[in-house]
1. Please list the radius of gyration and Dmax for the range 248-311, considering alpha-carbon atoms only, with Å as the unit.
2. Given an 8 Å cut-off on Cα distances and at least 6 residues of separation, report the relative contact order of the range 350-474 as a percent.
3. Let's test the formula: R0 of 60 Å, r as the Cβ-Cβ distance of residue 83 and residue 348. What FRET efficiency results, to the nearest 0.05?
4. List, largest first, the extents of the alpha carbons of the range 189-256 along their principal axes, each in whole Å.
5. Would you work out which of 351, 386, 411 lies farthest towards the positive end of the dipole of the range 311-423? Charges go on Cβ: Lys and Arg +1, Asp and Glu -1.
6. With θ taken as phi - 60° and the coefficients 6.51, -1.76 and 1.60, list the Karplus ³J(HN,Hα) couplings across the range 447-455 in order, rounded to whole Hz; mark glycine and proline as x.
7. Can you check how the C-alpha radius of gyration of the range 288-424 compares to 2.2 N^0.38 Å, as a plain ratio?
8. Before I look further, what does the range 1-97 give for accessible area per residue, probe 1.4 Å, in whole square angstrom?
Amino acid sequence: MMQEKIKLTNDRYRLGYHVSAPAGWINDPNGFCYYKGYYHIFYQHHPYSADWGPMHWGHARSKDLVHWETLPIAIAPDSPEDEDGCFSGSAIVKDDVLYLIYTGHHYYGDNDPDHFWQNQNMAYSTDGIHFTKYEHNPIIAHPPKDNTHHFRDPKVWQNGEDYYLVLGSQEEDGLGRVIVYHSKDLKEWDYLGKMAKATSRETEGFMWECPDFFTLEANGQAKQILLFSPQGIEPQGEKYRNLFQTGYFVGDYDEEKNHLEHGEFQELDYGHDFYATQTTQSPDGRRLVIGWMDMWESDFPEKEDGWAGALTLPRELTLVDGKLTMQPVQEAKDLRIATLKTMTEEVVEQTLLCSEEKQAEITLTLDKAPNLALTLKDDGENVVLTLQYDAATKKLMLTRAGEDDPRFATLSADLTELHLFMDTSAIEIFVNNGEAVFTERFYTANAPAVWLEVAKATHCHGTVYRLDGQAVTY
């Protein structure tokens, strides 16, 4: 008997311009790519409940990165090679065919969720909608001998006539690492060894998920970026406070030695709800990234309504002074449907920026900001979320109602710019052209009011826009 897909029962927290599933659970973005005039994003999806379950690949596409059309499920765990889940992976175009490379998940049948094995598989499509699994799967059947059973999330790319992929893994000593494979045809793969490895469980983690590897230029110099999600890093003061982290190394890659000489691990987003990123390169050469806009320890109140999880806005990555910055893609301007407010004024104590708007964008420019607070309040005037700035230390602290610990970031210069995207039950806050970003979910009965409070008078330029609340179609 076929299972029935879960249905959406309430849209009170439903997002208007962030990708989610028609109903059911989603987590990691997968297969982010550009193919035949469309951007494609896939995601880990369980269509039969609002809880994590046997993973499918949900699918959406867009011509402009902000208006998304939901497509049929791309791949399902319906073959011996992926019988317990089609886990995360990536996409690549070869000879006008779109290939998905993903992890097959398998349990040993002893009811122990930590007793599993994993392999790597492939599916392909000539229309970007309907996919066929490769008849000779798996393309990588087993992890290397010095690996544990953690062996997943392939990210593939082309270099000249050759293909490479990185995999998240765990060495047999229990430390996270990224390993590399090479192929001439996407079908036969040779193991090249590890690119980088954790030096300790506490500081760099026991398993590195969702690796991504790419090059960015800064000041005329090319640097390689290893972006990944390590599990098991211990909180260190104001850093690494989520259950699992997402961050990166910046370094120089020696192809002959397959070794990345890199600096320290740096967090990419400082919010409570950001994990498992995937990037792609746009046709005009930008490096774009999307993340899962949730975190494993979250409560997910929307589960009561038949769905759980969403993806962030697409963002552009740039390298500035050895750090990645993230800004919303320039196409996000196409979400604007009305200008609600324009400000050029002296803010003395506080000003109301926005209220009763489920989907809104706020841009603020301040003349060397004093101590300030950006606050979301529900219609009962209860504080939902606050971003505070200390001008003396240039430190940002975000607190959220409930039992969540605060999150912190420190700027390299005075705060002069805030850019907010709000969408029913989510907010993304970009500070100083994306030097610091906070990604947050929140849950209120009605659209919250957004207030700016300042310790002393400051001049502020700003605009508030209403955004398209039906940018994702199901």
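1. Computed over the Cα atoms of the range 248-311, radius of gyration and Dmax are 16.7, 52 Å.
2. Working: 282 pairs, mean separation 49.3, N = 125.
Computed over the range 350-474, the figure is 39 percent.
3. Working: r = 64 Å, r/R0 = 1.07.
Computed FRET efficiency for residue 83 and residue 348 comes out at 0.40.
4. That gives 35, 34, 18 Å along the principal axes, largest extent first.
5. Positive-end residue among those listed: 411.
6. 4, x, 8, 10, 10, 10, 10, 10, 6
7. Numbers: Rg = 16.5 Å, N = 137, 2.2 N^0.38 = 14.3 Å.
Compared with the compact-globule rule of thumb, the range 288-424 sits at 1.15.
8. Values: 3740 Å² over 97 residues.
So the range 1-97 comes to 39 Å² accessible per residue, rounded to a whole number.
The values are calculated or read from the model by the stated rules, or taken from the named source; none is laboratory data. Note that the structure is predicted; figures quoted are calculated from it, not measured. Every residue, glycine among them, receives a Cβ derived from its backbone with ideal geometry; neighbour counts consider all protein chains shown. These area figures cover heavy atoms from the full protein model, side chains too; ligands, DNA and RNA do not enter into them. Shrake-Rupley method; radii C 1.70, N 1.55, O 1.52, S 1.80 Å.
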